[in-house]
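Presented below is the structure to which this report refers.
Computed from the coordinates by the stated procedures, all read-outs in this text should not be read as laboratory data. Bear in mind that the values here come from a model prediction, so they are computed numbers and not experimental data. Note that each Cβ is placed from the backbone with ideal geometry, even for glycine, and that neighbours are counted across all protein chains shown.
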2 protein chains.
Amino acid sequence: MKTEILTMLRQADGYVSGQELCDRLGVSRTAVWKVIGALKEEGYEIDSASRRGYRLKESPDILSESEIESRMHTKWLGGKVVYFGETDSTNTQAKRLAEEGAQHGTLVVADMQTAGKGRRGRSWQQRPGETISMTFILKPEFAPDKASMITLLAAHSVAVAIEKVTGLSVQIKWPNDIVIHKKKAVGILTEMSLSLEQDSIHYVVVGIGVNVNSTAFPDEIASMATSLFMESGRRVCRSGLIAEILACFEADYEAFLQTEDLTRILGDYNARLASLDTQVRVLDPKGEYTGVSRGMNERGELIVEKEDGAIVNVYAGEVSVRGLYSYV
Amino acid sequence: MKTEILTMLRQADGYVSGQELCDRLGVSRTAVWKVIGALKEEGYEIDSASRRGYRLKESPDILSESEIESRMHTKWLGGKVVYFGETDSTNTQAKRLAEEGAQHGTLVVADMQTAGKGRRGRSWQQRPGETISMTFILKPEFAPDKASMITLLAAHSVAVAIEKVTGLSVQIKWPNDIVIHKKKAVGILTEMSLSLEQDSIHYVVVGIGVNVNSTAFPDEIASMATSLFMESGRRVCRSGLIAEILACFEADYEAFLQTEDLTRILGDYNARLASLDTQVRVLDPKGEYTGVSRGMNERGELIVEKEDGAIVNVYAGEVSVRGLYSYV
């Protein structure tokens, strides 16, 4: 009921009468009054005026199932929300839930991760209240060889969502880092479980870590990491950003299902690419080389033009790509 | 210590003196005597003769960590054994253990599974004491696209192990069912978890279910299912068969790592193929067709010669293959 009352207060233009809340939820005045009290205790500023009812003046930047659910405007993604104040890693929890039969679209969110990991096992700094650690579970019906494109969809969705919410211009470092002014603000880690006999996907978990309100980073990563707060100068409401990421991903995913490739987001993705038409170094285990990035293709590969004019389609899993003189 | 004493008794040709057991294990006579007592309670028949020591006369067909470990002769596979009297499914337990960091080669065994599953979710009959339900965890370093071959390796290893232990001739129904006189005796279910960004395998679990001492099957599957007991007329010691399966798989897997394909087992696998040079029906979702099976290739595909002479390499994940008039 907390979610419903929060949603109604949030959608209202002004006051919502106690009677209206009672009628719509089919509960007593006392029940409504108790929930309002609980919300106030959590930090919501709610104005109660006799005859007019209740008005939500300000929401605290807290994460809870009710807070996240009251912000959401998706059809199926985040249909179930599982919230942890603190957990080892939302990917680990999501995998456990998926093994236990959690439904397609289930969202796991933690206020703080104690064992979050990025690519190559680099640890991702976490302080309570500063970051978003979220993972959603997908149970796709397409073949496993299409799944690597999900991580590119996620990068695109997060980029678009951050732009909508903060007004910042963000870039994507192919395949799936989000960078602002050449510093990383978001990491994405996608994992899959499948049956080898049936060549079918059990589930995919898409883990997204966003530096939202962080004010500083340890020295060793300060030159490479940033947060939305540090770039925009404004604190960002985490539940609002989570809701926007879910809405963007849901739309991107549904478009992806039409063609089973990245055609629909390709222009939009490449428009944000950090390394478009710039020199890149390809760290191929078979031998490094440099070339000019010509953008991603519809299969998610980076098109690199080598110095001799040869075109190489670089597959994300195999190699790492860097700017010639920097990480980006 | 139970494992060590059981192993020494088993390896001995005749009696092992109490003193020898004490010396080798560095424990007191009383300690040895207690373990012998415990083994007798589990059903082991142990002869104790004064001056000569102990002799293992007969082992019960029980599964326990000690029983399995005392039979094993592998280098790394089954290095750790996790035993359950009853569990939902050994694959589920193995996946959970793998997520929690279980080492390469860890073996999960259950006396009875309550939720075991075969391909396409068919349930596999289980009665306590009659079947082997085992799953081992692999943490390979090769690329995910090689992993589908593990299931073919497993089919080969299990076929060879059953032949060694029972003297029966068994056949393989490509890709990974073991059949005896055209009835299924073994099911294999291989699952994988991987990172999509790094294109690297977290782990693979190989689940093997063997109808060992079953005496009958329910009507609806009686025409398709059999057990080693029903075919050989003799009860088979399950721990001995588990040990042999592990030994065969370890050898096959190490051979596989040399070439990262099935070259080394190819001749042996095809010699046991149920459908070699016989007509098969290929249930391709894009359209069924018939042809003559010409055996598996080194990538694990079934080579099918169509009526017009065209050769198709059938990939296991995509299609199902049947004999023209029967399951095999």
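Just want to confirm a number: the relative contact order over chain B, from Cα pairs under 8 angstrom separated by 6+ residues, in percent. Value for chain B: 13 percent.
Per-residue Karplus couplings for region B:298-309, computed as 6.51 cos²θ - 1.76 cosθ + 1.60 with θ equal to phi - 60°, are listed in order as 6, 9, x, 7, 8, 8, 10, 9, 6, 4, 7, x Hz, Gly and Pro entered as x.
Mean partner shielding of peptide B:142-148, defined as the number of other chain Cβ atoms within 10 Å of each residue Cβ, is 3. Among A:V158, A:A12, A:G129, whose Cα lies farthest out toward the positive end of the dipole of chain A, if unit charges sit on the beta carbon of Lys, Arg (+1) and Asp, Glu (-1)? Farthest along the dipole direction, towards plus: A:A12. Of the listed pairs B:K57/B:K139; A:K173/A:K286; B:K57/B:K173; A:K139/A:K286; A:K57/A:K182; B:K57/B:K164, which have alpha-carbon separations greater than 28 Å here? Violating the 28 Å limit, Cα to Cα: B:K57/B:K139; B:K57/B:K173; A:K139/A:K286; A:K57/A:K182. For the protein assembly as shown, the residue among B:Q279, B:A49, A:S59 whose Cα projects farthest onto the positive side of the dipole built from Cβ charges is B:A49. Distance to the A-onto-B rotation axis is smallest for one chain A Cβ; residue and value in angstrom are A:S193, 2. Taking Cβ atoms as reference points and 12 Å as the exclusive limit, the residues near B:I201 contribute a net charge of -3, counting Lys and Arg as +1 and Asp and Glu as -1.
Distant-in-sequence amide contacts of A:V81, defined by a placed amide H-H separation under 5 Å and a gap of 5 or more residues or a different chain, comprise A:L107. Note on the protein assembly as shown: Cα convex hull, mean projected area over all directions, 38.6 nm². Using the Karplus relation 6.51 cos²θ - 1.76 cosθ + 1.60 with θ = phi - 60°, the per-residue 3J(HN,Hα) values for region B:46-51 come to 10, 7, 10, 10, 5, 6 Hz, with x marking Gly and Pro.
Note: relative contact order over region A:279-323, using C-alpha pairs below 8 Å and six or more positions apart, is 39 percent. Each of B:T74 and B:A115 was given a label point 7 Å from its Cα along the Cα-to-Cβ line. The distance between the two points is 2.5 nm. Backbone geometry of region B:202-216 corresponds, through the Karplus equation with coefficients 6.51, -1.76 and 1.60 at θ = phi - 60°, to 3J(HN,Hα) couplings of 6, 6, 10, 10, 10, x, 10, x, 10, 7, 8, 10, 4, 9, 6 Hz, x marking Gly and Pro. Less than 5 angstrom separates the built amide H of A:L196 from those of B:T190, B:E191, B:M192, all sequence-distant by 5 or more or on a different chain. Under a Gaussian network description of chain B, with springs only between Cα atoms under 10 Å, the residue in B:V292, B:V27, B:V82 that fluctuates furthest is B:V27.
Gaussian network model of chain B, Cα springs within a sub-10 Å range: biggest mean-square fluctuation belongs to which of B:K75, B:K34, B:K95? Of B:K75, B:K34, B:K95, the Gaussian network model singles out B:K34 as fluctuating most.
Residues of region B:78-98 falling in the label zone of A:R96, defined by backbone nitrogen less than 14 Å from a point 7 Å along Cα to beta-carbon, are B:96-98. Rounded, prolate or oblate, given the Cα gyration tensor of region A:279-323, with a/c below 1.5 counting as rounded? Since a/c reaches 1.5 but b/c is at least a/b, the shape of region A:279-323 is classed as oblate. Separation of region A:57-94 and region B:15-63, taken as the distance between their Cα centroids, equals 59 angstrom. Mean-square fluctuations from a GNM of chain A, with a 10 angstrom spring cutoff on Cα atoms, peak among A:G209, A:G300, A:G18 at A:G18. Site pair B:E141 and B:E307 shows an inter-label distance of 5.1 nm when each label is modelled 7 Å from Cα along Cα→Cβ. Between A:L276 and any residue 5 or more places off or on another chain, the built amide H atoms are never under 5 Å apart. Straight Cα distances below 16 angstrom link A:K34 to the lysines A:K2, with same-chain residues fewer than 8 positions distant left out.
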